[in-house]
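Undergrad: Here you go, one structure.
The values are calculated or read from the model by the stated rules, or taken from the named source; none is laboratory data. A quick note: this is a predicted structure, and the numbers were derived from the prediction, not measured. Here Cβ is always computed from backbone atoms with ideal geometry, including for glycine, and neighbour counts include all displayed protein chains. Quick note on the areas: whole protein, heavy atoms, side chains included, nothing else; ligands and nucleic acids left out. Shrake-Rupley method; radii C 1.70, N 1.55, O 1.52, S 1.80 Å.
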Amino acid sequence: MAVAAGSPKAMSLFQRTFVRSPATAPRCPATPSRGAPLLPGQGLTGGRRCLRQVVGQQAWPPPAQGCCSTCSTPPGLLCPQAELSSSLKTCYQYLNQTSRSFSAVIEALDGDIRHAVCIFYLVLRALDTVEDDMTISVDKKIPLLHSFHSYLYEPEWRYLESKEKDRQVLEDFPTISLEFRNLAERYQTVIADICRQMGFGMAEFLDKQVTSVREWDKYCHYVAGLVGIGLSRLFAASNLEDPIVGQDSELANSMGLFLQKTNIIRDYLEDQQEGREFWPQEVWSKYVKKLGDFTKPENIDLAVQCLNELITNALQHIPDVITYLSRLRNQSVFNFCAIPQVMAIATLAACYNNQQVFRGVVKIRKGQAVTLMMDATNMPAVKAIIHQYMEEIYHRIPNSDPSVSKTRKIISTVRTQNLSTCQLASRSHYSPIYLTFVMLLAALSWQYLSTLSQVTEDIVQSGEH
């Protein structure tokens with residue numbers, strides 16, 4: 001999507017973690033976990049404001065049934081390439097090329113939802129590549145964006161004129177559309193509909209600036225909220241989650257908006273340096289005449305006040321995030337959704353009232369990111385993490401801040417969700433047998449964890465998202 005002088009991007013709500021401990025069992029005792037791999041960080045590649053991601057492992061023990069119709073591998077384990085069709089292998093290769101972290105995250109999902117999300121990602125990546133390509137004239141780009149969803153049903157359609165880095169997804173679109181048509185119809189319906197809505201949204205914002213807070217929400221809806229809605233509908237269609245997860249688009253939209261706003265807020269300086277503006281004019285114009293004026297030393301106090309106001313706006317989505325995550329019953333889906341959210345909350349806590357946002361990069365420490373990924377595998381732990389960072393923000397609110405009342409009010413609202421009674425499970429309470437198993441697993445998984453460490457580093461350093 002292009003906005004103002006540039007264009008950000010953002011599809012993304014994917015992530016996962018490490019092995020589940022006894023204390024991190026699924027939230028619903030009556031619903032057995034499907035042996036899920038765990039997920040991390042977040043992000044799509046591309047020139048926009050995307051979400052960063054990490055890689056993870058799988059939960060134990062895996063159920064006896066196979067992970068999908070084309071593979072005998074237990075759920076949570078990666079599908080052997082030898083058991084995939086040649087075209088599906090190619091799709092996973094494209095997935096790995098366009099986003100290494102997403103590739104691992106997606107393969108952590110249970111059942112046939114794995115392939116559906118892979119194709120969903122590639123379709124949106126192809127659409128996003130068209131929108132990002134500044135060599136395509138607006139007159140030509142708008143019809144492409146409006147019609148892109150229809151190309152999913154045209155076996156021979158491809159686009160050969162793109163100059164973008166990820167142009168292979170357009171040049172070999174017939175392979176992607178073939179695997180799209182091979183998906184169950186319930187998945188095709190969701191993917192095509194989200195692609196259509198996103199295409200029209202991208203076209204709307206090609207020459208449109210983000211002026212009001214309402215426009216900011218609308219923009220974030222098109223580039224991230226729709227992804228959350230699409231994923232939620234896919235989860236429900238797979239029967240891994242209850243129908244309400246796919247039906248409640250308001251909560252799914254909030255999941256995407258929270259992640260997108262976090263990235264936009266944190267990346268102020270990077271966007272300024274690249275000629276992009278995503279902070280809503282309705283907010284920043286109360287403090288300065290031009291958004292770029294926040295980088296001037298004499299405006300630093302005003303800059304921080306504007307920053308705090310936008311963070312307060314983003315925090316308003318947390319109640320929806322908690323409600324959404326509380327409904328999930330499949331472990332792999334929960335991990336996939338929860339990790340990005342706790343990463344975002346930690347990021348906002350680091351940015352709040354922080355002048356460094358206007359001087360350099362504010363990022364989560366690598367060790368902190370890994371800890372979040374390991375802990376955020378059940379609802380009580382996620383609530384405890386949210387409580388921790390909300391309290392950090394609360395105790396740093398300046399009494400003179402213009403948004404002080406709103407910030408305290410939203411934090412009080414979140415507190416009412418009983419977060420203070422949730423405590424992170426102490427890994428020191430694990431049984432000796434479990435600890436022995438974990439040590440053995442760690443030894444056998446050394447190379448895997450090394451890869452995870454590298455991906456985490458990518459995310460912490462603004463990786464792919």
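Undergrad: Need pairs with beta-carbon distance below 6 Å; first residue under 18 Å from Asp110 (Cβ atoms) and within the range 228-249, second of a type outside the set (Lys, Arg) and open to solvent by 40 Å² or more (accessible area, probe 1.4 Å); sequence gap 6+ or separate chains.
TA: Ala236/Pro243
Undergrad: Pick out the one residue from Gln281, Gln260 that is open to solvent by 30 Å² or more (accessible area, probe 1.4 Å), at pLDDT 95 or above and not charged (D, E, K, R).
TA: After applying the criteria, what remains is Gln281.
Undergrad: Six or more apart or on different chains, Cβ under 8 Å: which pairs go from a residue in the range 87-111 that's closer than 18 Å to Arg167 by Cα to one that's of a type in the set (Gly, Ala, Ser) and surrounded by fewer than 23 Cβ atoms within 10 Å (Cβ to Cβ)? Could you list them?
TA: Tyr92/Ser103; Leu95/Ser103; Asn96/Ser103
Undergrad: I would also like to ask the following. Could you grab me the full set of residues in the range 218-243 that are more than 16 Å from Cys118 (Cα to Cα) and either of a type in the set (Phe, Trp, Tyr) or in contact with a strand residue (DSSP E or B) (Cβ under 7 Å, 6 or more places away or on another chain) (or both)?
TA: Tyr219, Tyr222
Undergrad: Is there a residue being at pLDDT 95 or above, closer than 17 Å to Gly199 by Cα and open to solvent by less than 40 Å² (accessible area, probe 1.4 Å) anywhere in the range 171-180?
TA: Within the range 171-180, one or more residues are at pLDDT 95 or above, closer than 17 Å to Gly199 by Cα and open to solvent by less than 40 Å² (accessible area, probe 1.4 Å).
Undergrad: When you scan the range 55-169 for helices (runs of 4 or more DSSP H) that lie fully inside it, which ones turn up with 3 or more residues that are closer than 25 Å to Arg233 by Cβ and at pLDDT below 95?
TA: In the range 55-169, 86-98, 100-106, 113-132 are the helices (runs of 4 or more DSSP H) which contain 3 or more residues that are closer than 25 Å to Arg233 by Cβ and at pLDDT below 95.
Undergrad: Take Val357 and tell me if it is touching a Cys at 6+ places or on another chain (Cβ under 9 Å), open to solvent by 10 Å² or more (accessible area, probe 1.4 Å) and either touching a residue at least 40 places away in the same chain (Cβ under 8 Å) or within 30 Å of Asn239 (Cα to Cα) (or both).
TA: So Val357 fails the test.
Undergrad: When you scan the range 135-148, do you find a residue that is touching a Ser or Thr at 6+ places or on another chain (Cβ under 8 Å), exposed (fewer than 13 other Cβ atoms within 10 Å of the Cβ) and under 21 Å from Leu183 (Cβ atoms), even just one?
TA: Checked against the condition, which is being touching a Ser or Thr at 6+ places or on another chain (Cβ under 8 Å), exposed (fewer than 13 other Cβ atoms within 10 Å of the Cβ) and under 21 Å from Leu183 (Cβ atoms), the range 135-148 yields no hits at all.
Undergrad: I would also like to ask the following. Taking the stated definitions as given, is Ser326 at pLDDT 95 or above, in a helix (DSSP H, G or I) and small (Gly, Ala, Ser)?
TA: When the stated conditions are applied, Ser326 passes them.
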